[in-house]
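> Once you've had a glance at the structure underneath, I'll fire off some questions.
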Amino acid sequence: MKSVYIIATAVLCGMTAPAQTNAPAPRPPTVIDSESAVFDPNGHQVTYRVHVRVNDPEMKLTCDWLVADLPQAGGRVDHIVATTNVVIDGTDAKGQAMHATCARAVYDYKEQNGATNETVWLTGNAKVENVQWTITGEPIIWDRVTGSVTASNQVMTLHQNLAGAATKTNSPPARTNVPPGSIDNIDKNLHSKNQF
Amino acid sequence: MPSAARAQQNTMSSATDFTSVERYEAPNQQQVKTRLSGAEAWPLSGGLLEVKRFKLESFATNGRPEVIITAPQCVYDQVNGLASSPGHLQLQSGDGKLRVEGDGFLWRQNDSLLTISNRVHTVIENMPEMKPAP
């Protein structure tokens with residue numbers, strides 16, 4: 001499966017990397033509401049059903065079915081599966097809105113040998129978009145540690161001129177299959193391969 | 001109904017002192033798995049008990065409290081190991097980082113599953129640190 005790696009850099013995507021600290025500030029709690037739920041204390045798992053709404057300080061998620069592994073004492077939620085009509089809304093470091101939809105989203109958190117892996121896999125008509133671009137692919141992998149997005153069989157639709165032109169037009173968005181590599185040079189790729 | 005292999009102790013010493021304890025199977029048979037209690041209890045027909053100020057605690061094999069469930073009232077089916085109520089319920093993890101409430105519940109003692117039927121509201125403290133969206 002051909003994979004296209006997209007680096008959501010600060011320069012082109014308007015994002016800045018969060019400051020790395022050893023003692024992250026306490027976060028407000030995450031709230032989950034649903035019509036019903038089944039708790040399995042022994043299996044350390046909870047299944048939320050029907051109109052599931054997750055309100056996290058940095059994102060909101062809705063779906064129809066969500067299974068979360070409950071943390072052991074002193075631990076943290078390390079595995080969440082959201083399925084059916086999954087919608088994720090969040091903001092980046094600049095407060096820029098992002099919107100993702102898919103049939104299934106899987107969140108995983110793991111610490112190994114001092115390294116942290118934290119990813120969200122989006123599958124099933126997966127789409128991630130912000131004001132600048134829309135990405136579709138199968139799957140779309142959001143690395144929450146690096147802030148990067150990896151998409152297989154990826155298609156990107158640009159919503160505006162990433163070169164920074166101040167002009168605002170109503171021209172239709174450019175649609176292109178971005179070759180493997182960074183979108184650092186997306187404007188050059190567009191000029192060289194897609195003459196509109 | 002809890003399996004015969006499980007050591008279970010039921011006491012109904014008075015209408016104001018109800019406790020049902022389920023223990024782990026061997027080799028942890030000395031450890032309490034769940035403790036179901038109520039401030040008041042009245043026998044109903046069919047082996048049912050109406051329990052006021054219902055409290056259910058589950059413990060790990062090392063004795064650490066894992067979940068505490070409380071409700072103002074419920075009906076406890078001693079024969080089938082079921083506790084249920086259409087009323088309000090609150091759940092809290094042993095470390096207090098998970099808090100849940102909802103309306104209407106069914107606790108199945110056999111498989112230790114709790115179903116909350118309506119208006120489930122969960123608060124989770126200290127979720128993993130979220131990074132900016134792509």
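The values are calculated or read from the model by the stated rules, or taken from the named source; none is laboratory data. Keep in mind the model is a prediction, meaning the values are calculated, not measured. Using ideal geometry, Cβ is built from the backbone for each residue, glycine included, and neighbour counts are taken over all protein chains shown.
> So A:Asn170 fits all but one of (1) modelled with pLDDT under 85; (2) more than 11 Å from every other protein chain (Cβ to nearest Cβ); (3) closer than 21 Å to A:Arg53 by Cβ; what number is the exception?
(3)
> Right, another one. Output the qualifying pairs, or none if there are none: Cβ atoms under 6 angstrom, residues six or more apart or on different chains, first residue in the range B:41-70 and assigned to a loop (DSSP other than H, G, I, E, B), second residue buried (at least 16 other Cβ atoms within 10 Å of the Cβ) and of a type in the set (D, E, K, R).
B:Leu44/B:Glu50; B:Ala60/B:Glu66
> Out of (1) surrounded by fewer than 16 Cβ atoms within 10 Å (Cβ to Cβ); (2) closer than 17 Å to A:Phe39 by Cβ; (3) more than 10 Å from chain A (Cβ to nearest Cβ), what's the single condition that is false for B:Gly46?
Against the list (1) surrounded by fewer than 16 Cβ atoms within 10 Å (Cβ to Cβ); (2) closer than 17 Å to A:Phe39 by Cβ; (3) more than 10 Å from chain A (Cβ to nearest Cβ), B:Gly46 comes up short only on (2).
> Can you confirm whether the range B:26-38 contains a residue that is surrounded by fewer than 21 Cβ atoms within 10 Å (Cβ to Cβ), within 14 Å of another protein chain (Cβ to nearest Cβ), assigned to a strand (DSSP E or B) and at pLDDT 95 or above?
No, the range B:26-38 contains no residue that is surrounded by fewer than 21 Cβ atoms within 10 Å (Cβ to Cβ), within 14 Å of another protein chain (Cβ to nearest Cβ), assigned to a strand (DSSP E or B) and at pLDDT 95 or above.
> Tell me which residues, restricted to the range A:130-140, are part of a strand (DSSP E or B) and at pLDDT 90 or above.
A:Thr134, A:Ile135, A:Thr136, A:Gly137, A:Ile140
> Taking the condition assigned to a strand (DSSP E or B), touching a Pro at 6+ places or on another chain (Cβ under 8 Å) and not hydrophobic (A, V, I, L, M, F, W, C), does A:Tyr48 pass?
When the stated conditions are applied, A:Tyr48 does not pass them.
> So, in the range B:104-113, of the ones that are at pLDDT below 95 and at the interface with chain A (Cβ under 9 Å from one of its Cβ atoms), which residue ends up surrounded by the most Cβ atoms within 10 Å (Cβ to Cβ)?
By that ranking, first place goes to B:Ser112.
> Mind telling me which of the residues B:Glu129, B:Glu101 ends up being part of a loop (DSSP other than H, G, I, E, B) and either more than 10 Å from chain A (Cβ to nearest Cβ) or modelled with pLDDT under 90 (or both)?
Only one candidate passes the filter, namely B:Glu129.
> In the range A:99-128, which residues are within 10 Å of chain B (Cβ to nearest Cβ) and within 14 Å of A:Val86 (Cα to Cα)?
A:His99, A:Ala100, A:Tyr107, A:Val120, A:Val128 - these are the residues of the range A:99-128 that are within 10 Å of chain B (Cβ to nearest Cβ) and within 14 Å of A:Val86 (Cα to Cα).
> Might you check whether a residue that is away from chain A (no Cβ under 14 Å) and modelled with pLDDT of 95 or more occurs anywhere in the range B:88-95?
yes
> Which ones in the range A:95-114 are part of a strand (DSSP E or B), touching a residue at least 24 places away in the same chain (Cβ under 8 Å) and farther than 13 Å from A:Arg144 by Cβ?
Answer for the range A:95-114, where residues must be part of a strand (DSSP E or B), touching a residue at least 24 places away in the same chain (Cβ under 8 Å) and farther than 13 Å from A:Arg144 by Cβ: A:Ala97, A:His99, A:Thr101, A:Cys102.
> Sticking with this structure for a sec: Is there any pair linking a residue in the range B:22-40 that is over 21 Å from A:Asp40 (Cα atoms) and free of Cβ contacts under 8 Å to residues at least 40 places away in the same chain to one that is β-branched (Val, Ile, Thr) and part of a strand (DSSP E or B), with Cβ under 9 Å and at least six apart or on different chains, and which?
Within 9 Å, the pairs are B:Gly38/B:Thr19; B:Gly38/B:Val51; B:Ala39/B:Val51; B:Glu40/B:Val51.
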